[in-house]
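*Asks:* The structure is given below, and queries will be raised subsequently.
The values are calculated or read from the model by the stated rules, or taken from the named source; none is laboratory data. All figures in this text were calculated on a predicted structure; none of them were measured in a lab. Quick reminder, even Gly has a Cβ in these numbers, built from the backbone with ideal geometry, and neighbours come from all protein chains shown. Note: accessible area is taken over every heavy atom of the protein model, side chains too, but ligands, DNA and RNA are not part of it. Shrake-Rupley method; radii C 1.70, N 1.55, O 1.52, S 1.80 Å.
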Amino acid sequence: MSNDQEEMINAGDLRPSQLLTYSGPGSIVNTRYDAVMIYGCNVWPQEEKKRYKILHHELLQQKLNISSIRMPLSHDRSFNIPCFSFPTWSVCENCQTLQKHPTSPKNSMGFVCWYCEKNGVKKEDCRLTHARFAVICKKGHIDEFPWEEWVHHDKPNNKCEKKPGSPFMKFAARQESSALKDYAITCLSCHNAYRTCSGATDIRPLQALNITCTGRSPWLHQHTDDCITNGEKTFVKGIQIRSNTLWYSLTMSALKVPKWLHPVNLRLEAENDANRLYGSIQLDRQDGKSFEEIYDYHKGKFKEVAEQILEQKKKNSDPNCGDEQIKDEIIKKLQEIFEGDSTNTEIPDQIDILQQEYDDFIRTESTKGTPYEDEFELETSEIDKNRPINKYLNSLKQIKKISTVSVLRGFTRGEPPDPLDPDIDKLCKITTNKHHKTYRWFPGVITKGEGIFFSFDNEKLSEWERNTTVQKRCNAIIESYAYHSAPDEPEKQKEIMMRFNPRFLLLHTLSHLIIKSVSMLSGYNEPSLQERIYWDNKDRNGILIYTSGSSEGSLGGLVRLGKADQFERILKDALQRSLTCSRDPICNDSDPIRDSKSYQLSKTHQLSGSSCHSCCIVSETSCMFFNQFLDRWMIKDEDGGFFTDFLNEQSN
């Protein structure tokens, strides 16, 4: 398909961040007169200048096996994101005829009904609206909804007897309700076929029609003959075009913490260099030059880098500050940046990135006077341990400047992916293998903001985790999630159960409550705040609440709350929020242990404990884990709450 302007989205209508969250390759975007699907990166413009801002993050590029991250730009509202009309089935606003439209509209007014146009109806009165459904399989393939087979479900071969293959059908609503049963299809060719849309989003009615997956990945221009699951053709299910479950993005993100802000990194990513030095070194490596030869050739361009390293070594009283030691450090850093494992075919690990970020937060007391102060600025707040609430805290840090690089690496349909360990069989690609091997880039975005990082006393946390009541309740939620994520894969279920633990559920629930408290005092609305949860099975525990590219910008209102006295107020408010919910006692009485035993067949629904929209659930853009793993019980229960002693003291 050509990339004419009729088939392109105005990039001014989509922010770069939307390409990672709601409107990336393979997603369906509703425009004024049509619904369109975004093409894969293999169809996007490949030239770098003016089309993209080139981003770099050493660890992300190594993990994802890419040479660069490209953030789409729109200069003068130019068209740069290619798309195509999908679905091609549509309904006339005037006569309700269900019909297929051409690949591209004749003008900017969209598609019009051929039947009405033939009968002299004005074009603006007979525009086409996209059909409501498509079909997907669990591997992410997507195709047109089988309208003829659906309405002729009780006919031989599920076809129209008068005009098989091209019946004259109408789609109309009775306007009695918004339920699917209110919408119906009628075949006017045979005058004997009628069916409502009730059940159109289930797998069983389509299975009864023997509708199987065609293997289409239209956003990639790819089509396989058969989609096979366990040796048999894969059945499909219907889905509404505007459903949020049609496209779940899978991103990998990393903060620009000190470890990734070495003077060499800053020099390679300098905006005034426009990626020239980075590209030159890549070409040198392709020509087989060693890193020592590359350094010697570009030595003049690393002069400022050497000076920054020398200055930092003198501040740290490092004796290894001679010319040779500085040269060795620069060469070593170049090796780390340009010698990522390009042969790794496994799904990369977000947990490893989180752990490296946590380690940097803990060991960094202040960034004052560092070369990267303009990119990452942190100050540690002093905690008064004599205050009752502060006895729970281990560290509290104000992050005045922080940058986040997020990269889109795939998506799923029907069910959200595991953000930490996605199933490769269900993960849809955003570009072809050939394109990725040749160009090696993914779309991404960099956002800047501010944040608060804090961690808790590890001895108190470890003691709390040993509570058998806590362990039983947490295990019920984690086992339920493992069963939900991998129902037929016992080995993967074991991996999931090893990954999560009680401290994770506590930190995640508290993070949501703090986001709600912070939004009331910081000047940022709730969807502008994001979380990062840091945990493992040993000593790591921490929460980062931060802003990232919000419409408000970096106001300073969040980092102000990172002062010890202000944060004490925030934490107390969050704990008070855990005590009550407007949906109590229903919300409070939720028991994952009891529910999973009583409803074994529906066990997959026990993905949280005491939580709901009124108390714990936050905006989708704020949560790393799709609002799962939440339980107020962990905070305030008399027998198992981490903060129970403090809450009892406050109530007396």
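*Asks:* Which members of segment 395-411 meet the condition of being open to solvent by less than 10 Å² (accessible area, probe 1.4 Å) and closer than 28 Å to Ala134 by Cα?
*Replies:* Val407, Leu408, Gly410, Phe411
*Asks:* Return yes when Ile66 is at pLDDT 85 or above and either among the aromatic types (Phe, Trp, Tyr) or part of a loop (DSSP other than H, G, I, E, B) (or both) and no when it is not.
*Replies:* Spelling it out, Ile66 is indeed at pLDDT 85 or above and either among the aromatic types (Phe, Trp, Tyr) or part of a loop (DSSP other than H, G, I, E, B) (or both).
*Asks:* Working only within segment 434-463, note down all residues that are open to solvent by 70 Å² or more (accessible area, probe 1.4 Å), in contact (Cβ under 8 Å) with a residue 12 or more places away in the chain and over 30 Å from Lys397 (Cα atoms).
*Replies:* Lys434, Tyr439, Arg440, listed by residue number.
Every residue, every condition in (1) touching a strand residue (DSSP E or B) at 6+ places or on another chain (Cβ under 6 Å); (2) open to solvent by less than 20 Å² (accessible area, probe 1.4 Å); (3) of a type in the set (Gly, Ala, Ser), yes or no:
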residue: Pro490; (1), (2), (3): no, no, no
residue: Asn537; (1), (2), (3): no, no, no
residue: Tyr546; (1), (2), (3): yes, yes, no
residue: Leu571; (1), (2), (3): no, yes, no
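*Asks:* Considering (1) open to solvent by less than 60 Å² (accessible area, probe 1.4 Å); (2) at pLDDT below 95; (3) of a type outside the set (Val, Ile, Thr), say which one His508 fails and leave the rest.
*Replies:* All conditions are met except number (2).
*Asks:* Turning to a different aspect of this structure: In segment 422-433, which residues are out of contact with any Ser or Thr (no Cβ under 6 Å at 6 or more places or on another chain), open to solvent by 40 Å² or more (accessible area, probe 1.4 Å), more than 20 Å from Gln18 (Cα to Cα) and outside any helix (DSSP H, G or I)?
*Replies:* If the condition is that a residue be out of contact with any Ser or Thr (no Cβ under 6 Å at 6 or more places or on another chain), open to solvent by 40 Å² or more (accessible area, probe 1.4 Å), more than 20 Å from Gln18 (Cα to Cα) and outside any helix (DSSP H, G or I), then Ile424, Asp425 are the ones that fit.
*Asks:* Something else: Just one of the numbered conditions (1) under 17 Å from Ile69 (Cβ atoms); (2) buried (at least 19 other Cβ atoms within 10 Å of the Cβ) is not true of Gly238; which one?
*Replies:* Every condition holds for Gly238 apart from (1).
*Asks:* If I ask for residues that are part of a helix (DSSP H, G or I) and under 30 Å from the mean Cα position of the chain (by Cα), which ones from segment 273-285 would you list?
*Replies:* Tyr278, Gly279, Gln282
*Asks:* Further question on the same structure: Quick one: Arg466 ticks every box in (1) touching a residue at least 60 places away in the same chain (Cβ under 8 Å); (2) open to solvent by 70 Å² or more (accessible area, probe 1.4 Å) except a single one, so which number is it?
*Replies:* (1)
*Asks:* Pick out the one residue from Thr201, Thr196 that is under 29 Å from the mean Cα position of the chain (by Cα) and open to solvent by 20 Å² or more (accessible area, probe 1.4 Å).
*Replies:* That would be Thr201, the only listed residue that is under 29 Å from the mean Cα position of the chain (by Cα) and open to solvent by 20 Å² or more (accessible area, probe 1.4 Å).
*Asks:* Kindly indicate the residue of segment 360-397 that is aliphatic (A, V, I, L, M) and assigned to a helix (DSSP H, G or I) and also farthest from Glu568 (Cα to Cα) among those meeting that condition.
*Replies:* That would be Ile362.
*Asks:* Based on this model, can you work out whether Gln471 counts as open to solvent by 50 Å² or more (accessible area, probe 1.4 Å) and not acidic (Asp, Glu)?
*Replies:* yes
*Asks:* For segment 286-332, name all the residues that are open to solvent by less than 50 Å² (accessible area, probe 1.4 Å) and among the aromatic types (Phe, Trp, Tyr).
*Replies:* Answer for segment 286-332, where residues must be open to solvent by less than 50 Å² (accessible area, probe 1.4 Å) and among the aromatic types (Phe, Trp, Tyr): Phe291, Tyr295, Phe302.
*Asks:* When you look at Glu117, is it closer than 30 Å to Ser27 by Cβ, assigned to a helix (DSSP H, G or I) and either in contact (Cβ under 8 Å) with a residue 60 or more places away in the chain or open to solvent by 10 Å² or more (accessible area, probe 1.4 Å) (or both), yes or no?
*Replies:* No, not satisfied.
*Asks:* Taking strands (runs of 3 or more DSSP E) that do not extend beyond segment 137-217, which have at least 3 residues that are without any contact (Cβ under 8 Å) to a residue 40 or more places away in the chain and touching a strand residue (DSSP E or B) at 6+ places or on another chain (Cβ under 7 Å)?
*Replies:* Where strands (runs of 3 or more DSSP E) fall fully within segment 137-217 and carry at least 3 residues being without any contact (Cβ under 8 Å) to a residue 40 or more places away in the chain and touching a strand residue (DSSP E or B) at 6+ places or on another chain (Cβ under 7 Å), they are 183-187.
*Asks:* So which residues in segment 137-170 are open to solvent by 20 Å² or more (accessible area, probe 1.4 Å) and under 39 Å from the mean Cα position of the chain (by Cα)?
*Replies:* If the condition is that a residue be open to solvent by 20 Å² or more (accessible area, probe 1.4 Å) and under 39 Å from the mean Cα position of the chain (by Cα), then Lys138, Lys139, His141, Asp143, Glu144, Glu149, His153, Lys170 are the ones that fit.
*Asks:* Could we say that Pro443 is closer than 29 Å to Met498 by Cβ and either over 18 Å from the mean Cα position of the chain (by Cα) or not β-branched (Val, Ile, Thr) (or both) here?
*Replies:* Against the criterion (closer than 29 Å to Met498 by Cβ and either over 18 Å from the mean Cα position of the chain (by Cα) or not β-branched (Val, Ile, Thr) (or both)), Pro443 does not qualify.
*Asks:* Here is a list of conditions, (1) over 26 Å from the mean Cα position of the chain (by Cα); (2) buried (at least 16 other Cβ atoms within 10 Å of the Cβ); (3) at pLDDT 90 or above, and His57 meets all of them except one; can you say which number that is?
*Replies:* Condition not satisfied by His57: (1).
*Asks:* Starting from residues that are under 28 Å from Glu450 (Cβ atoms) and assigned to a helix (DSSP H, G or I), keep the ones in segment 245-267 and report whichever is nearest to the chain's Cα centre (by Cα).
*Replies:* Trp260
*Asks:* Ala270 versus (1) within 30 Å of the chain's Cα centre (by Cα); (2) open to solvent by less than 30 Å² (accessible area, probe 1.4 Å); (3) of a type in the set (Gly, Ala, Ser); (4) at pLDDT 85 or above: which is the lone unmet condition?
*Replies:* It fails just one condition, (4).
*Asks:* Within segment 371-424, work out how many residues are out of contact with any Lys or Arg (no Cβ under 9 Å at 6 or more places or on another chain) and free of Cβ contacts under 8 Å to residues at least 12 places away in the same chain.
*Replies:* 1
*Asks:* Could I ask something else about it? Are there any pairs, at least 6 apart or on different chains, whose C-beta atoms fall under 7 Å, with the first in segment 323-338 and within 19 Å of Leu64 (Cα to Cα) and the second among the charged types (D, E, K, R) and open to solvent by less than 60 Å² (accessible area, probe 1.4 Å), and if so, which?
*Replies:* Glu336/Glu58; Ile337/Glu58
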